[in-house]
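Below is one structure; the comments refer to it alone.
The values are calculated or read from the model by the stated rules, or taken from the named source; none is laboratory data. What you are looking at is a predicted structure, and each value in this text was computed from that prediction instead of being measured. Here Cβ is always computed from backbone atoms with ideal geometry, including for glycine, and neighbour counts include all displayed protein chains. When the accessible area is computed, the model is the full protein with side chains, heavy atoms only, and any ligands, DNA or RNA have been set aside. Shrake-Rupley method; radii C 1.70, N 1.55, O 1.52, S 1.80 Å.
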Amino acid sequence: MTRVHDMGGRFGDGPVIPDAQDAPVFHEEWHARALAVTLAAGALGQWNLDISRHARERLAPTDYARFSYYEKWIAALADLLVDRGVLTREDLSGVAPEGPHPLAARALRAEAVPGVLALGGPTERDGGPAPRFVPGDAVRTLRPAANRRVAGGHTRLPAYAAGARGAFCRATARMSSPTPTPTIWERRPSRFTPWSSPRPSSGRMPRTRATR
Amino acid sequence: MPHDHHDHDHDHHHDDGHAHAHLPPDPALRVKALESILTARGLVDPAALDAIIDTYENRIGPQNGAKVVARAWADPGFRTALLEDATAVVAGMGFYGRQGEHVTVVANSAGTHNMVVCTLCSCYPWPLLGIPPAWYKSDAYRARAVREPRRVLAEFGVTLPEGTAVRVWDSTAEMRYLVLPERPAGTEGWDEDRLAALVTRDSMIGTGLPTAPA
């Protein structure tokens, strides 16, 4: 089994409600603050892309279902801050100690924002083995979809695409993948498994997803 | 004696055991509390938050992607390079950055329509399109785009010509997609600025088509 976030192909959801092309970027002020505080806290350097995704994916299924998008962000951020030892539960309860935190020197300053956002966090890795497939190769995605090296139902191969047959269409970059250790999920060069995707075909349900 | 289960499931906080349960339940208050705690400890600079919000409200948005599409319409050599290595090409236009470190551009053609989703999360090419719209992040879109894309398109008012294939690209945290829609007829000789004005956000996600020239 994978986690609650793996909802591609699920039945039972209602219609998609499009918005106007000129709808506000943030519908509520707190949405904007939630995004900004999450990005700013990320700049403290205490977690990476995989850790932050993991934090959202492992919200309790009931929470994941009832939380709006930015509620998920802020709940995951609170969990991350505690898990990574930046804050304590007591801090979150409002009995935080006074005075600067040991990580305060790493806080993102306003003047650094454009540079940090422009820098991004590329996940491409140098080296590693050559792609195992060339375009047109017949491939089959793994089943079950769960990542074999990460416990608890994490996956980067959605369940709807597990076990699917298709044709390899394109190798992109060599990306790192999450590898758990007792204390941190690190980005490491891993066995490189490039794109393996069912070839899109008319009227079917094509998809592209890297198997890991 | 039988247990009385009355009310046990009412107002139950399912996030018990998670650290976030220590924050107020109301979302706006929850964000405010966390921001205040982080600010008090010097971990967050409120001016930096303002700068981040300004960036995504006013500086980075679909107007960036529209410039890429318009140039691809106007310049065949650019289009070829874009489809070959979009990350490098859009970086050359200054559209590189957070949540868009690796980008693939997929081109619509007569007979093929592309559409982008992120079923596992809400991954989206931020430097090209900004922050994703609410519907892109909705359960309904994430669940249904890969199962019944034509029905989803119909909910956006898009009906494709008979026989058109739909390709759905499921984003990963690393790889983000931008749809290159077809250039509308009747735009021969238009410059890039004029073309860019026809490029809608949804046409670059694949849930819409470019605006027809007036």
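Details
- Calculated FRET value between B:ALA212 and B:GLU57, using beta carbons and R₀ = 41 Å, to 0.05: 0.90
- Taken across both chains, chains B and A shield about 7900 Å² of accessible surface from a 1.4 Å probe.
- Spatially proximal aspartates and glutamates relative to A:LYS72 (Cα-Cα < 14 Å; intrachain offsets below 8 disregarded): A:GLU57, A:ASP63, B:ASP15, B:ASP26, B:ASP139
- Disulfide-incompatible cysteines by the Cβ rule (no partner under 4.7 Å) in chain B: B:CYS121
- Reduction of at least 10 Å² in accessible surface, 1.4 Å probe, comparing all protein chains with the chain by itself, residues of the range B:164-191: B:ALA165, B:VAL166, B:ARG167, B:VAL168, B:TRP169, B:ASP170, B:THR172, B:ALA173, B:GLU174, B:MET175, B:TYR177
- The mean count of C-beta atoms from other chains within 10 Å of the C-beta of residues in B:149-160, rounded to a whole number, is 2.
- Rg ratio (alpha-carbon, reference 2.2 N^0.38 Å) - the protein assembly as shown: 1.00
- Accessible surface of the protein assembly as shown, 1.4 Å probe, proportion on carbon and sulfur as whole %: 53 percent
- Stretchable slack from A:ALA65 to A:GLU28, in nm (0.36 nm times residue separation minus alpha-carbon distance): 11.3 nm
- Environment charge at B:LEU29 (Cβ cut-off 14 Å; Lys +1, Arg +1, Asp -1, Glu -1): -2
- Taking label positions 7 Å along the Cα-Cβ direction at both B:THR164 and A:ARG89, the computed distance is 5.4 nm, reported to one decimal.
- Calculated [θ] (222 nm, deg cm²/dmol) that DSSP helices of n ≥ 4 give over chain B, each run adding -39,500 (n - 2.57): -10000 deg cm²/dmol
- Euclidean distance between Cα centres, the range B:179-214 to the range B:80-154, Å: 16 Å
- Length-normalised contact order for chain B - Cα pairs under 8 Å, 6+ apart - percent: 23 percent
- Of interest is the spacing of the C-alpha centroids, which for the range B:39-55 and the range A:40-106 amounts to 16 Å.
- Only lysines eight or more places from B:LYS67 in sequence, or on another chain, were considered; those with a Cα closer than 25 Å are B:LYS137.
- Surface per residue (accessible, 1.4 Å probe) for the protein assembly as shown, Å²: 44 Å²
- With a Förster radius of 25 Å applied to the beta-carbon distance between A:ARG165 and B:ALA107, the computed FRET efficiency rounds to 0.45.
- Surface/4 of the Cα convex hull for chain B, nm²: 17.7 nm²
- With the simple spin-label model, which puts each label point 7 Å out from Cα in the Cβ direction, the A:ARG143 to A:ARG109 separation comes to 5.7 nm.
- Spin-label model distance (nm) - A:ASP126 vs B:ALA185, 7 Å beyond Cα toward Cβ: 5.2 nm
- 5 angstrom amide H check on B:HIS113, placed H, neighbours 5+ away: B:ALA165, B:VAL166, B:ARG167
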